[in-house]
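S.K.: Got a structure for you, questions after.
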Amino acid sequence: MTEDDHSLNDSPPSSPHAGAPERPYSAARWTARPETAADTAAVHAVNAAAFPTEAEADLVDALRADPSAWLPGLSYVAEAPDRSLAAFALLTRCRVSGVPALALAPVATAPRHQRRGAGQAVVRAVLDAARRRGEPLVLVLGHPEYYPRFGFVPASRYGIRPGFEVPDEAMMALVLDDSAPVAHGTIEYPAAFGV
């Protein structure tokens with residue numbers, strides 16, 4: 001995750017209804033859409049540029065190669081007006097005490113586009129895609145000043161915790177389907193996360 005985008009001025013469009021056709025998500029100058037095979041190299045480059053090392057870029061590649069973690073249609077990019085990739089957000093399968101959930105990571109914005117709304121656009125779009133799929137829960141280990149704007153709250157409120165030590169406010173959960181009971185217990189990440 002990056003602290004890529006702290007503009008509160010972007011007002012996202014309303015969430016599409018379940019069953020609505022897939023269409024680009026545009027917030028101001030950013031168009032967010034599902035990643036395509038043609039985007040793979042650019043996704044790697046955005047992640048490599050957004051973080052101090054290539055670890056997150058390599059993580060995306062490892063998750064893409066893991067059929068138990070990778071969920072087609074839940075890897076999103078945001079395009080700049082010049083059609084270059086400005087931001088990226090990925091949801092992969094994790095579990096909470098054996099119950100399926102999603103992990104949001106990484107979220108990355110190319111340095112020249114940071115703090116301009118690209119990260120918010122891509123996160124909102126990928127969360128909307130997860131809602132349309134009927135996914136119940138998303139977890140993120142991230143900046144507690146950034147992710148609450150999307151509705152995330154400390155995961156501990158639901159009795160959810162990672163299997164490693166992190167500040168309580170940094171491990172967050174977003175319930176996408178409040179009609180289903182929320183699983184509680186320990187988060188089980190895909191092997192590529194190395195935890």
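Laboratory data are not the source of any read-out in this text; all were calculated from the coordinates shown. Predicted, not measured: the structure shown is a model, and the values here were computed from it. Positions of Cβ are backbone-derived with ideal geometry, glycine not excepted, and every protein chain shown enters the neighbour counts.
S.K.: Using a Gaussian network model of the chain with C-alpha springs under 10 Å, which one of Ala170, Ala89, Ala65 is most mobile by mean-square fluctuation?
M.R.: Ala65
S.K.: In debye, nearest 20: dipole of the chain around its Cα centre with unit charges on the Cβ of K, R (+) and D, E (-)?
M.R.: 500 debye
S.K.: Taking 7 Å along the Cα-to-C-beta vector as the label spot, tell me the Ala62-Ala191 distance in nanometres, rounded to one decimal.
M.R.: My value for the distance between the label points is 1.1 nm.
S.K.: For helix 118-133, report the angle its Cα long axis makes with the longest principal axis of the Cα atoms of the chain; keep it between 0 and 90° and round to the nearest 10°.
M.R.: Its long axis makes an angle of about 50 degrees.
S.K.: Ok, one more. Output ³J(HN,Hα) for the range 42-55: one whole-Hz value per residue in order, computed from phi by the Karplus curve 6.51 cos²θ - 1.76 cosθ + 1.60 with θ = phi - 60°, and x for Gly and Pro.
M.R.: Ordered by residue, 3J(HN,Hα) equals 5, 4, 4, 5, 4, 5, 5, 6, 7, 10, x, 10, 8, 4 Hz.
S.K.: How much length is gained on full extension from Ser156 to Asp82, taking 0.36 nm per residue of separation minus their Cα-Cα distance? Before the final figure, lay out the partial values.
M.R.: Details: separation 74, 0.36 × 74 = 26.64 nm, distance 4.15 nm.
Here the segment from Ser156 to Asp82 would lengthen by 22.5 nm.
S.K.: Something else: Using per-residue counts of other Cβ atoms within 10 Å, averaged over each peptide, order 67-76, 112-121 from highest down.
M.R.: On the way: 67-76: 16.9, 112-121: 23.7.
Peptide ranking by packing, descending: 112-121, 67-76.
S.K.: Could you give the nm distance between label points at Asp177 and Arg112, where each point is 7 Å from its Cα heading toward the beta carbon?
M.R.: For Asp177 paired with Arg112, the spin-label model returns 4.2 nm.
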